[in-house]
Amino acid sequence: MSCGAVSVEGKKPAYRARVNYNPKKAWKYQARREGKHRAELRLVERAFQLIPPGTVLDAPCGGGRLALLLAKKGYRVTGADLSEAMLAIARENIQKAGLSVAVEREDLENLSYGDRSFDAVICFRLFHHFPTREIRTRVVRELCRVANRFVILSFFSPYSFTSAKRRLRATLGLGKLHHHQTPLSEVKRYFRNAEFRLVKDFAQFPVWHTLHLAVFERNETGNHPGALPAVTLAISASHHDNKSNGSGRKLPPALGRKSEQ
Ligand SMILES: C[S@@+](CC[C@H](N)C(=O)[O-])C[C@H]1O[C@@H](n2cnc3c(N)ncnc32)[C@H](O)[C@@H]1O
């Protein structure tokens, strides 16, 4: 399939996570610590208490753990990732779970979906790999473009004990900083430029842990036919019917595709 990755083929990748999810690394990622995995899913569940039922793009979906979690909660999920190895694992996991989740090869720097294709878009555990503001800007712009209403983004905050410890170790030459920490103020700026505003920032474990998950919502002026009603900041979790969509019902794919460029 044609994909944004094509445009940069042959060039040195700007960050390792773009290319290093080969079969070995992809399987290794699935085998991460159970406690860590569960804590991350709990963080996602907290954020999705703000998201009403609807379509969700999970990008990057990796092996599909979030896509499965959200599909079980009744969201109509599409998973997208650049790594064929990760996509193969996601497809296998989805099939085993008996759920209906479309999984597609996509480049987050240049998504093929049309504008506002999904009610919500989640980007989990990738942003901290981006080494430059240019890439962060480009990806946030794409996430916001394809989201009709919500974007949920994870990032590594510099304001935590773990982040400070990592920086200190790197300064002392005892380790390397493999990830990029981004203050919430900077993350908010990318979203402000894309006409989204912060609804809530969740910390996995405040002050201690570096992983944050922030929910952003589109600013609406109400002057176009599809305008959203006034923003409700605290959407009741009771909006969720929490029904499994494991009925085998074919779920609709993304609403539209961006025209080929
Ligand atoms: C750390 S994994 C996270 C996967 C998933 N969100 C999870 O938490 O299980 C990072 C993923 O980002 C994918 N990735 C890296 N660069 C990408 C890009 N430009 N577009 C789409 N996926 C990308 C990798 O293939 C990998 O599956």
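Data for the structure
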quantity: Residue match in segment 43-59 (condition: within 11 Å of the ligand (Cβ to nearest atom) and part of a helix (DSSP H, G or I)); calculated: yes
quantity: Test: residue in segment 75-93 that is within 16 Å of the ligand (Cβ to nearest atom) and farther than 25 Å from Lys24 by Cα; calculated: yes
quantity: Segment 106-123, residues that are near the ligand (Cβ under 9 Å from one of its atoms) and in contact with a helix residue (DSSP H, G or I) (Cβ under 6 Å, 6 or more places away or on another chain); calculated: Asp107, Leu108, Glu109, Asn110, Leu111, Cys123
quantity: Matching residues in segment 142-164 - criterion: being closer than 20 Å to Leu43 by Cβ and modelled with pLDDT under 90; calculated: Pro158, Tyr159, Ser160, Phe161, Thr162, Ser163
quantity: Residue count for segment 198-210, restricted to those that are closer than 16 Å to Ala47 by Cβ and assigned to a loop (DSSP other than H, G, I, E, B); calculated: 4
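The values are calculated or read from the model by the stated rules, or taken from the named source; none is laboratory data. Quick caveat, the model's predicted, so the values are computed rather than measured. In this analysis, Cβ positions are derived from the backbone assuming ideal geometry, glycine residues included, and neighbour counts consider all displayed protein chains.
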